[in-house]
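In what follows, a single structure is set out as structure tokens and then discussed.
The values are calculated or read from the model by the stated rules, or taken from the named source; none is laboratory data. These figures come from a predicted structure and were not determined experimentally. Note: ideal-geometry Cβ built from the backbone for every residue, glycine included; neighbour counts use all protein chains shown.
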Amino acid sequence: MSALNWVTLGVLGLLGAGLYGLLITRNLIKVVIALQILVKGALLALVAAGQASGQINLGQSLAVTVIVADTVVAVVGLALAVQVKRLVGTLDVKALSNLRG
Amino acid sequence: MIDAVLVAGTVLCAVRAIRATQLLSSALWLAGVSALVSILLYRLGAHQIAVIELSVGAGLVTVLFVFAISIAGDDGLTEREFLPNWLALGLIALFAGLLGWMILPLEETGVAAAEATFESVLWSDRALDVLVQIVLIFSGVLCLVTLLKERHTSAQRQALAGKEERERPSAAASGNGHRPGAAVVDPAPAEVEEIHA
């Protein structure tokens, strides 16, 4: 089995772990962690696809955009979690559904 | 063989990050995922991205997580879950099976000899992406400033208003009658001498 296929299996594992985290967790910070794992799988998939198609530099330049977007999502998500904890008093995602107008 | 070990370690760290009972442990397992992913990226030939992922993913983001957890604290919500565990695992197995059936085996098809350098691809071919990154960074900073601004809840606002109300009469009773912002005018020295005479 080639290295590319092992990496593809890793992509499947990371995407699966991230989706599993999104499905089961109710903690807002853990949701951000699950999103991070999901995006790391996508990042690895982009570079692996670039390697497979012979355009590794194109894959790298796309991966830079993914890393920037991922970091911004993490920063905003964590700031949101801190504010939710300060205002609502809990990090439970279900408690936010009480905020419906 | 080393790729298999790295992939197994990455997936194990990811599962531990999801299943850990403490948020701090989750953040540290996530840093492990980032470090192992950066090694995999390096072995794939994406050297620049490996360095960026290691410094940003395993460094900056981990520090941000630890900072946020120290402010927000651990809620201990891990016992309560959205879906039953067996249903979530079944859905994930179905998803991974379908995706693996579609993309495996992945084979190298392209020719890498005629490819442009990373710098020319990033700054020339993908210049719009760089613009999008700049916009993303600025919007992220704006969101952060807006979100972390000190806000008072309605209870805090009422407490502040009550405190101001309590302070106002006491200042009027104990003071010399003039308002807090008003200037105090000293009598001129000539007038004082006339009074003494």
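Report whether or not A:Gly50 is more than 7 Å from chain B (Cβ to nearest Cβ) and on the phi < 0 side of the Ramachandran plot. Reasoning before the result, please.
Values: more than 7 Å from chain B (Cβ to nearest Cβ): yes; on the phi < 0 side of the Ramachandran plot: yes.
Taking the combined requirement at face value, the residue satisfies it.
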Please determine, by comparing only the residues of the stretch A:25-73 that are of a type in the set (Lys, Arg) and in contact (Cβ under 8 Å) with a residue 24 or more places away in the chain, which one is farthest from B:Leu40 (Cα to Cα). A:Arg26
Go through (1) within 18 Å of B:Ala96 (Cβ to Cβ); (2) within 12 Å of the chain's Cα centre (by Cα) one by one and return the number of the condition A:Ala69 breaks. (1)
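Please enumerate the residues belonging to the stretch B:44-56 that are in contact (Cβ under 8 Å) with a residue 12 or more places away in the chain and more than 7 Å from chain A (Cβ to nearest Cβ).
Of the stretch B:44-56, the ones in contact (Cβ under 8 Å) with a residue 12 or more places away in the chain are B:48, B:50-51, B:53-54.
Matches in the stretch B:44-56: B:Ala50, B:Val51, B:Leu54.
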Which one of the conditions (1) surrounded by fewer than 13 Cβ atoms within 10 Å (Cβ to Cβ); (2) at pLDDT below 80 does B:Trp101 fail to meet, given that it meets all the rest? (2)
Exactly one of these conditions fails for A:Val31: (1) out of contact with any helix residue (DSSP H, G or I) (no Cβ under 8 Å at 6 or more places or on another chain); (2) more than 7 Å from chain B (Cβ to nearest Cβ). Give me its number. (1)
